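The values are calculated or read from the model by the stated rules, or taken from the named source; none is laboratory data. From a predicted model like this one, the values you see are computed outputs, not experimental measurements. Ideal geometry is used to build each Cβ from the backbone, glycine not excepted, and the neighbour counts take in all protein chains shown. We work out accessible area using only protein heavy atoms, side chains counted, and drop any ligands, DNA or RNA first. Shrake-Rupley method; radii C 1.70, N 1.55, O 1.52, S 1.80 Å.
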Amino acid sequence: MKKIIVKDHFEEHAEDWIDSSYRGKDDTYPTAGHRARIVTRIVREIGANQSDSLTIADLGCGGGNLSIRLAGVGFQVDGIDQAENMIEIANRAKSSLPENEQGNVSFIQGELEANNLPRGDYDVVIAMGVIGYLKSDDTLFRVAKALLKPGGAFILSCRNRLFNMNSLSFRTLEDIRNGEAEGLVAEIFDYYQPVPATDCAILTERLQTVSERITKLPKGRERDPEGDVDTGPDLTKIPKIEARQHTPSGINSIAQKHDMTCTATYGVHPHLIDPNVAKLLPLGLFNELSSFLEAFEHLPVSLVWSSVFLSIFENNSSS
């Protein structure tokens, strides 16, 4: 994907992207917020095993939400993004931190490959949703590898190609036409693994909470029955900006080429039912119905119904 197209897209839609992806809006799931919660927990667990404060590089930091969140709990974070608007938003958000925490984070406008970040200096490198906008997957892994200390952690998120088999879209048709659907289904079957009773108990508790929230959805959020007639999704329509997709097994193979080992994978943005059904339900209901599945986000089965996945890799290099 051409860099200038991606850059222009995020320059133009910076505010809307941040608002919808972190807080959710109507039928838009707060995917970035979901990722940020998982990443923060993982980084804190890594930090608990170190005596010094973690140093973190946030590649494609966007409006700085995740960087600021990590800085707020005491980590040293350098965020970089190619979109000028995103960096401006990030710096404004930084000013909302207490003065004693503002020094924990810095934001730089710059290209991923031509960054001036210190080599081999970071305990953790983060790249949320970046890889799908690059021409080559190896590019991101090379950059992360160069920045990481030996034994450091690389955390990235990808669009989940497996989800095409559970959600009808132009992507589903492409995988069928390309003869790749069978392989995707085969990988999905690998993730149908037993769910521990303890996780089922947590799911039940979350379901009760979600049920209570559903009853409190704002009135008047029903769809207009006299609006445009919905004739169903256009399965052939491809968005102007469409991030490339990956499978967990595929991204693991790329990591192995760069001497990194996957230590965990999480499902992000769960779907209880086909997202096309969202257009048939009152605004907000679809997201609430799906949200209780976050209880299973750490389990292999979450990769079956999640449109995004987040993987953690360890840098095996000794120097």
Unmet requirement for Lys94, which otherwise passes all of (1) under 30 Å from His298 (Cα atoms); (2) over 17 Å from the mean Cα position of the chain (by Cα):
(1)
Every pair of residues 6+ apart whose Cβ atoms lie under 7 Å, when the first sits in the stretch 184-205 and is more than 16 Å from Leu303 (Cα to Cα) while the second is open to solvent by less than 80 Å² (accessible area, probe 1.4 Å) and assigned to a helix (DSSP H, G or I):
Ile202/Ala295; Leu203/Phe292; Leu203/Ala295; Leu203/Phe296
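For the stretch 259-272, how many residues meet the condition of being open to solvent by 40 Å² or more (accessible area, probe 1.4 Å) and either at pLDDT below 90 or in contact with a strand residue (DSSP E or B) (Cβ under 9 Å, 6 or more places away or on another chain) (or both)? Walk me through how you get there before you give the answer.
Narrowing the stretch 259-272 to residues open to solvent by 40 Å² or more (accessible area, probe 1.4 Å): 259, 261-263, 272.
Filter once more, so that each one left must be either at pLDDT below 90 or in contact with a strand residue (DSSP E or B) (Cβ under 9 Å, 6 or more places away or on another chain) (or both): 259, 261-263.
Residues meeting the conditions: 4.
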Can you spot a residue in the stretch 295-314 that is modelled with pLDDT under 95 and acidic (Asp, Glu)?
no
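Kindly indicate whether Gln256 is farther than 30 Å from Ser318 by Cα, modelled with pLDDT of 95 or more and not β-branched (Val, Ile, Thr). Spell out how you get there, then give the answer.
On the way: farther than 30 Å from Ser318 by Cα: no; modelled with pLDDT of 95 or more: yes; not β-branched (Val, Ile, Thr): yes.
Taking the combined requirement at face value, the residue does not satisfy it.
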